[in-house]
Amino acid sequence: MEDTLQLEVHDMEVPVLTGIYSEETHLPQPLRISLTVDLALPQRFAPDTPLSASKNYLDLKRAATDSLPPGVHFTLIEAVADHICDTLFLQDARVLRVAVKIVKLAIAEAGEAIGITLVRHRR
C-alpha cells in the first residue's frame, strides 16, 4: 500500500446555481462545500521541502469556487461535485482521490446538514 497525503479544505460557503424546483432555479443557492484530496507524495518531507512537493491549498479552494462556470445551472449537486473532482484531477496528476461533501444550506430547517458526499478515484 502506498502512502498518501490528505489535503483538506472544509466548510467553504459557495453560491451556486443549482436545484430542480422552480423556486431554486433562478437564484444561486448557498452550498457548504468540503474537500479531501489524496495526493501521491515523496518518501519524506524534509524541513526545506518546497511547496511543489505538495499542493497549494488554494488550488483546492479555487476548484470549489472559481472553477465553477458562472451562469451555468447544475440541476443536481452531484454534478457540482463531479465538476470539482474533474477540475482537481486535471490540475495535478498526483491527485489520486477526491471526496467532495456538499450541504444545501437553504433547505435546513433546524440546523441539520442535508447533502451528499461524492468520492472519485483517478482512473
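Quick notes
- If you go through the range 95-123 and keep only what is in contact with a Leu (Cβ under 6 Å, 6 or more places away or on another chain), open to solvent by 60 Å² or more (accessible area, probe 1.4 Å) and under 11 Å from residue 34 (Cβ atoms), you end up with nothing.
- Of all residues in the range 1-53, those being closer than 21 Å to residue 99 by Cα and acidic (Asp, Glu) number 6.
- Which listed residue, of 32, 62, is surrounded by 14 or more Cβ atoms within 10 Å (Cβ to Cβ) and either touching a residue at least 40 places away in the same chain (Cβ under 8 Å) or part of a strand (DSSP E or B) (or both): 32
- Condition check for residue 80: under 16 Å from residue 6 (Cβ atoms), open to solvent by less than 30 Å² (accessible area, probe 1.4 Å) and of a type outside the set (S, T, N, Q): no
- Flag for residue 44 being touching a Leu at 6+ places or on another chain (Cβ under 6 Å) and open to solvent by 70 Å² or more (accessible area, probe 1.4 Å): no
- Look at the range 1-15: where a residue is closer than 15 Å to residue 36 by Cα and open to solvent by 70 Å² or more (accessible area, probe 1.4 Å) and a partner is in a strand (DSSP E or B) and β-branched (Val, Ile, Thr), sitting 6+ places away or on another chain with Cβ atoms under 6 Å, you get 6/36; 8/36.
- Residues of the range 73-123 satisfying the condition of being of a type in the set (Lys, Arg) and in contact with a strand residue (DSSP E or B) (Cβ under 8 Å, 6 or more places away or on another chain): 94, 97, 101, 104, 120, 122
The values are calculated or read from the model by the stated rules, or taken from the named source; none is laboratory data. What you see is a predicted model, and the numbers here were worked out from it, not measured in a lab. Positions of Cβ are backbone-derived with ideal geometry, glycine not excepted, and every protein chain shown enters the neighbour counts. Heavy atoms of the whole protein, side chains included, go into the accessibility calculation; ligands, DNA and RNA do not. Shrake-Rupley method; radii C 1.70, N 1.55, O 1.52, S 1.80 Å.
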